[in-house]
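Structure first, commentary second.
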Amino acid sequence: DQQVKQNSPSLSVQEGRISILNCDYTNSMFDYFLWYKKYPAEGPTFLISISSIKDKNEDGRFTVFLNKSAKHLSLHIVPSQPGDSAVYFCAASGGYGNKLVFGAGTILRVKS
Amino acid sequence: KAGVTQTPRYLIKTRGQQVTLSCSPISGHRSVSWYQQTPGQGLQFLFEYFSETQRNKGNFPGRFSGRQFSNSRSEMNVSTLELGDSALYLCASSLSDRTSTDTQYFGPGTRLTVL
């Protein structure tokens, strides 16, 4: 039972354009969402997070949008750079004491 | 500050054997979580330890076990290895027991291949 789904296994974007990575969840108890980025041969690194009391959080080129009614969140990267090429994981949790649930990941390729 | 370290980085075992993986968290971090990463499945939660106590466990068979020592270092053990156990095993540490919201810092992982 995949509670966090990233339906696009891969995404290819031209350098300078916007990258939009999507994530859907099924558990309405989730109230905290995170994005992690992973390069080959390295562990995932934290990118950005959002609490369910917000619908948007911004950090430089990265913005996460949360649509609670649709149980959907997205990560926007503007402008995309070749160094952004990596696997992006969406994760969600239901608060204190609950484990973090990850999606399967989306491979982003930014072409120069 | 040194990051999360995992040893060994690569491991090849045969079916039926057992294996022990080690994780040293960032200095001062008391929480350690373990994940299994396989293609198409993302990161599957294995277990979480805080101050030597298992706080949470994922849906894995009893062949998967772990422990945490007083210095916060952690080990996970897989007994009677199966081909399907081939995966990247990731360890993550965080400062407090609020692992659901605290930033988790991941190690590079141990790549286990079962033949």
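The table below gives the values:
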{"item": "FRET E, pair B:S79, A:T45, Förster distance 35 Å, beta-carbon r, rounded to 0.05", "result": "0.65"}
{"item": "Neighbour net charge for A:H72 - beta-carbon separation under 12 angstrom, K R +1, D E -1", "result": "+1"}
{"item": "Within region B:28-115, GluC sites (Glu not before Pro) in DSSP loop having at most 11 other beta-carbon neighbours inside 10 Å", "result": "none"}
{"item": "Where N is the number of residues in the protein assembly as shown, Cα Rg divided by 2.2 N^0.38 Å", "result": "1.01"}
{"item": "Region A:52-112: chymotrypsin sites (Phe, Trp or Tyr not before Pro) in DSSP loop, at most 16 other beta carbons within 10 Å", "result": "A:Y96"}
{"item": "Summed side-chain charge close to B:Q68 - residues other than B:Q68 whose Cβ falls under 14 Å, Lys, Arg +1, Asp, Glu -1", "result": "+1"}
{"item": "Interatomic Cα distance distribution for region A:4-107, bins of 5 angstrom, percent", "result": "3, 13, 25, 26, 20, 9, 4, 1, 0"}
{"item": "Debye intensity ratio I(q)/I(0), log10, chain B, q values 0.12 Å⁻¹ (C-alpha model)", "result": "-0.37"}
{"item": "Reach of A:K68 by Cα under 29 Å, taken over lysines that are not fewer than 8 positions away in the same chain", "result": "A:K5, A:K37, A:K38, A:K54, A:K56, A:K99, B:K57"}
{"item": "Part-to-part distance (alpha-carbon centres) for region B:44-115 and region A:87-106, which is given in Å", "result": "15 Å"}
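Each value in this text was obtained by applying a stated rule to the coordinates, not by laboratory testing. The structure presented is a predicted model; accordingly, all values stated were derived computationally and were not measured. Note that each Cβ is placed from the backbone with ideal geometry, even for glycine, and that neighbours are counted across all protein chains shown.
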